[in-house]
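The values are calculated or read from the model by the stated rules, or taken from the named source; none is laboratory data. Since the model is a prediction, treat every value here as computed from it, not as a measurement. Glycine also receives a Cβ, built like all others from the backbone with ideal geometry; neighbour counts cover every protein chain displayed. These accessible areas exclude ligands, DNA and RNA; they are computed on the full protein's heavy atoms, side chains included. Shrake-Rupley method; radii C 1.70, N 1.55, O 1.52, S 1.80 Å.
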Amino acid sequence: MSRFLLDYIHQHQAGWKQQPQILADERFQDCILLVFGQPRTAVFAHLDSIGFTVRYGRQLVRIGGPRAEAGYRLVGQDSQGEIDCTLTIDEETGELGYAFHRDIDRGTELTFYCDFRETDTSVQSCYLDNRLGVWSALQLCQTLEHGIVAFSCWEEHGGGSVAYLAKYIYETYGVRQALISDITWVTEGVHPGQGCVISLRDSLIPRRAYVDRIRAIAAASGIPFQLEVEGSGGSDAKELQHGPQPWDWCFVGAPEDHVHSPDELVDKRDIASMVALYRVLMQEL
Amino acid sequence: MSRFLLDYIHQHQAGWKQQPQILADERFQDCILLVFGQPRTAVFAHLDSIGFTVRYGRQLVRIGGPRAEAGYRLVGQDSQGEIDCTLTIDEETGELGYAFHRDIDRGTELTFYCDFRETDTSVQSCYLDNRLGVWSALQLCQTLEHGIVAFSCWEEHGGGSVAYLAKYIYETYGVRQALISDITWVTEGVHPGQGCVISLRDSLIPRRAYVDRIRAIAAASGIPFQLEVEGSGGSDAKELQHGPQPWDWCFVGAPEDHVHSPDELVDKRDIASMVALYRVLMQEL
Amino acid sequence: MSRFLLDYIHQHQAGWKQQPQILADERFQDCILLVFGQPRTAVFAHLDSIGFTVRYGRQLVRIGGPRAEAGYRLVGQDSQGEIDCTLTIDEETGELGYAFHRDIDRGTELTFYCDFRETDTSVQSCYLDNRLGVWSALQLCQTLEHGIVAFSCWEEHGGGSVAYLAKYIYETYGVRQALISDITWVTEGVHPGQGCVISLRDSLIPRRAYVDRIRAIAAASGIPFQLEVEGSGGSDAKELQHGPQPWDWCFVGAPEDHVHSPDELVDKRDIASMVALYRVLMQEL
């Protein structure tokens, strides 16, 4: 993912309004930082995915919190070549496994097979969380003059990169305003097609003064958006909240249905709203 | 709370023995640091409260771990004005909600209605945890010559400010001794009226060498105190324990009954013990 | 433990190939850092143990996750002298307690009585996790030319020292490669006698590029080893993963049976493999 993204950036940056400084070396492991102009705000979009690790026998262990249904098609590769197998669930124990014509190497990572479906009104695929957050951040790069775009790792299994990205950004640029470019949930209060979500809380609660500024900018922009209030869930913001810098953060992202399954579904109006909202927020924050 | 406290400090500091340096700017978000003389030890008292967030329909989501009983009176304000409503609990689902004559804006924060009750021997109110820890720290300020008093945020929902306060204090003043000025629980082993609690452990275990020094100072002072041993619970100390500075810390605070309810109850003898204990500890540590 | 280890180091270091710098002062609380030559990689071995804290009445609270069976022999000392008592479990409530001829001081720490059993092929005792990880690291010290050995604290109850050790090591020496010298579990996929474990994951997942290098070095060495894949469990690596430095880490340690009991059992072949593997890894990483 990191190499793919670096290639994409190198191919497309000539068309961007402002050339960013690209930071992608061992200090940042597999993460990438793009620094545009004189930044005041940083966007965090995680590159990693949920999935499964092959354990012993034909057992699987979850990476993050993927939905598991018997029959899901899983892909990967090991020392013996390409893998295209099927998820199994033991009816008695609930234990996850795979069906394949051969054993798979211990420790091999498997991901959902990608069945990308696009209509006039929606996009459906595995991993819209968070390929779409990454894509939206790349749209932002086209016109961004001042700001940082940080592509992070390991959000789906507990984090571990935002801590050092946040430290580097704060200490180098004095930036301590963040937007989390990630995908959230369609719920009884958040509906497809009604706009990008500004999250007022999940398991964590962002600082009200900052969220109020974001809400005011969004309201003045005329771009449709929705407000989310959840008691659970988390994002890259966890590491900003708990790290030793005084970050303000807010989750801003389109909602999806069929979360963490091969069939994640997002309404194109919410994608358009997300891209538009990031443009105006990065100008005015 | 932060503005109220700053006003209080500005009004009262003239009567304090030593004038502190007051740090309260964007580097510290809504926190306040008071630095007296040549500090060796820092007191942490959290400013925040438990409560509820309005979700969708008439649902509520907890902020931290408030006790919930149908009929509790909750207050707040939203775009339409003042709110004074009643907590409801769905008998089947256990879901929290509110009863009010109108809908409340999504994301509005509600807190317990304050019914402050004082007798000759006790104080009873919501939010003694941690208004009382804050009040006790302010009593300490009257006579404190050398030390730091740090008013922190968000302790009740996972923390997020002590990490940067701890880093700033350690790097600026070399201080790495802490006392947690917070309120704990009346239990089968901790009784009202028998003095302020020195906690030997909760879910975390403080470093024994430091706690032994505190116990020795307390014992020599003649001030009544009690020892607590718990397997669960936490405090601002979590961030000190897990942060990248070698902090020694100990929880020292009065016990309360009816924890996290509108009826938190503290014995005045334990308050007196808490104030007295902090005075001697901050001199001798 | 810290004093014992410092004494051991001072007695034995004359026979070591390279004299390390010994860092053991208040900046590191009860931890010890040994710095050999020009380090590229740091080994972390935790010094602490699971056990029990005396609560109220004759109750006990766990320190970390010790196995508890009625009749286990527990030892310690308090203000009245030496303690040698027996673990009890309330049949109805499951509550832990102790049987002894007198009350034990509140807050006293009790540990398993040590019944060390050695045969030609195995070692059995309480606390092989992590005395054996410490012992193996000390064997490594005999021949280590370039590297850091860090003896850490509090791994068994949530950590709190690796965060500052990691920061100090990274900022002082630029080292960000780690090996976790700790003991893991015999399972359906990890068998006694088949070699030291290289863990591909537990609740956390190490960075694949780094683990692949370790696997390649191990394979080329001819030393027997096993690969572990778990979905739960953790180690000092948690603090490396979540701290604000870009650490690569991997758990490398012998497996034991009867985990966290007085009867932890390790095969000597796996100990030999562990010592040999650390020697080659510290040379080649």
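Within the stretch A:144-154, identify whether any single residue is within 19 Å of the chain's Cα centre (by Cα), farther than 28 Å from B:PHE52 by Cα and within 11 Å of another protein chain (Cβ to nearest Cβ), and answer yes or no.
Scanning the stretch A:144-154, I find at least one residue that is within 19 Å of the chain's Cα centre (by Cα), farther than 28 Å from B:PHE52 by Cα and within 11 Å of another protein chain (Cβ to nearest Cβ), so the answer is yes.
Please work out if A:VAL35 is over 27 Å from A:GLY233 (Cβ atoms) and either surrounded by 14 or more Cβ atoms within 10 Å (Cβ to Cβ) or in contact (Cβ under 8 Å) with a residue 24 or more places away in the chain (or both).
When the stated conditions are applied, A:VAL35 passes them.
Look at B:PRO262 and say whether it is open to solvent by 10 Å² or more (accessible area, probe 1.4 Å), assigned to a loop (DSSP other than H, G, I, E, B) and modelled with pLDDT of 95 or more.
The answer is yes for B:PRO262.
Considering only the stretch C:96-107, state which residues are assigned to a loop (DSSP other than H, G, I, E, B) and under 28 Å from the mean Cα position of the chain (by Cα).
C:ARG106, C:GLY107
What's the number of the only condition in (1) surrounded by 14 or more Cβ atoms within 10 Å (Cβ to Cβ); (2) more than 12 Å from chain B (Cβ to nearest Cβ); (3) within 18 Å of the chain's Cα centre (by Cα) that C:PHE4 fails to meet?
Unmet for C:PHE4, out of (1) surrounded by 14 or more Cβ atoms within 10 Å (Cβ to Cβ); (2) more than 12 Å from chain B (Cβ to nearest Cβ); (3) within 18 Å of the chain's Cα centre (by Cα): (1).
Quickly run through the stretch C:1-22 and pick out the residues that are in contact (Cβ under 8 Å) with a residue 24 or more places away in the chain and outside any loop (DSSP other than H, G, I, E, B).
C:SER2, C:LEU5, C:LEU6, C:TYR8, C:ILE9, C:HIS12, C:GLN13, C:GLY15
B:LEU240 versus (1) in contact with a Phe, Trp or Tyr (Cβ under 6 Å, 6 or more places away or on another chain); (2) within 13 Å of chain C (Cβ to nearest Cβ); (3) open to solvent by less than 40 Å² (accessible area, probe 1.4 Å); (4) in a loop (DSSP other than H, G, I, E, B): which is the lone unmet condition?
Condition not satisfied by B:LEU240: (4).
Looking at the stretch B:9-30, which of its residues are surrounded by 14 or more Cβ atoms within 10 Å (Cβ to Cβ) and under 19 Å from B:GLU145 (Cα atoms)?
B:ILE9, B:GLN13, B:TRP16, B:GLN18, B:PRO20, B:ILE22, B:LEU23
Could you tell me whether the stretch A:144-152 includes any residue that is over 25 Å from A:PHE36 (Cβ atoms), in contact (Cβ under 8 Å) with a residue 24 or more places away in the chain and among the small types (Gly, Ala, Ser)?
Looking for residues that are over 25 Å from A:PHE36 (Cβ atoms), in contact (Cβ under 8 Å) with a residue 24 or more places away in the chain and among the small types (Gly, Ala, Ser), one finds none in the stretch A:144-152, hence no.
Only residues that are within 12 Å of the chain's Cα centre (by Cα) and among the charged types (D, E, K, R): list them for the stretch A:170-188, please.
Passing the criteria: only A:ASP182.
Restricting the search to the stretch B:165-204, which residues are among the acidic types (Asp, Glu) and open to solvent by less than 40 Å² (accessible area, probe 1.4 Å)?
Once the filter is applied, which keeps residues that are among the acidic types (Asp, Glu) and open to solvent by less than 40 Å² (accessible area, probe 1.4 Å), the stretch B:165-204 yields B:ASP182, B:ASP202.
Please pick out the residue among B:HIS146, B:HIS157 that is surrounded by fewer than 22 Cβ atoms within 10 Å (Cβ to Cβ), within 27 Å of A:ILE198 (Cβ to Cβ) and assigned by TED's automatic domain parsing to the domain that holds B:ILE271.
B:HIS157
Quick one: count up the residues across the stretch C:227-239 that are touching a Lys or Arg at 6+ places or on another chain (Cβ under 9 Å) and either modelled with pLDDT of 95 or more or closer than 20 Å to C:GLU118 by Cβ (or both).
Residues flagged as touching a Lys or Arg at 6+ places or on another chain (Cβ under 9 Å) and either modelled with pLDDT of 95 or more or closer than 20 Å to C:GLU118 by Cβ (or both) within the stretch C:227-239 amount to 4.
Going through the stretch B:188-235 one residue at a time, which ones are hydrophobic (A, V, I, L, M, F, W, C) and touching a Leu at 6+ places or on another chain (Cβ under 7 Å)?
Of everything in the stretch B:188-235, those that are hydrophobic (A, V, I, L, M, F, W, C) and touching a Leu at 6+ places or on another chain (Cβ under 7 Å) turn out to be B:CYS196, B:ILE198, B:LEU200, B:VAL211, B:ILE214, B:ILE217, B:ALA218, B:ILE223, B:PHE225, B:LEU227, B:VAL229.
When you go through (1) without any contact (Cβ under 8 Å) to a residue 60 or more places away in the chain; (2) open to solvent by less than 10 Å² (accessible area, probe 1.4 Å); (3) among the acidic types (Asp, Glu) one by one for B:ASP270, which number turns out not to apply?
Result: B:ASP270 passes all but (1).
Among the residues in the stretch B:243-251, are any among the aromatic types (Phe, Trp, Tyr), away from chain C (no Cβ under 12 Å) and closer than 22 Å to B:SER136 by Cα?
Scanning the stretch B:243-251 turns up at least one residue that is among the aromatic types (Phe, Trp, Tyr), away from chain C (no Cβ under 12 Å) and closer than 22 Å to B:SER136 by Cα.
Among the listed residues A:GLU256, A:GLU284, identify the single one that is modelled with pLDDT of 95 or more, more than 9 Å from chain B (Cβ to nearest Cβ) and within 17 Å of the chain's Cα centre (by Cα).
After applying the criteria, what remains is A:GLU256.
Please enumerate the residues belonging to the stretch C:205-230 that are open to solvent by less than 40 Å² (accessible area, probe 1.4 Å) and over 15 Å from C:ARG176 (Cα atoms).
If the condition is that a residue be open to solvent by less than 40 Å² (accessible area, probe 1.4 Å) and over 15 Å from C:ARG176 (Cα atoms), then C:ILE205, C:ILE217, C:ALA218, C:ILE223, C:GLN226, C:LEU227, C:GLU228, C:VAL229, C:GLU230 are the ones that fit.
Is there a residue in the stretch B:220-235 that is in contact with a His (Cβ under 9 Å, 6 or more places away or on another chain) and over 28 Å from C:HIS242 (Cα atoms)?
Scanning the stretch B:220-235, I find at least one residue that is in contact with a His (Cβ under 9 Å, 6 or more places away or on another chain) and over 28 Å from C:HIS242 (Cα atoms), so the answer is yes.
Could you please let me know if C:TYR278 is in the same structural domain as C:LYS167 (by TED's automatic domain parsing) and closer than 28 Å to A:ILE169 by Cα?
The answer is no for C:TYR278.
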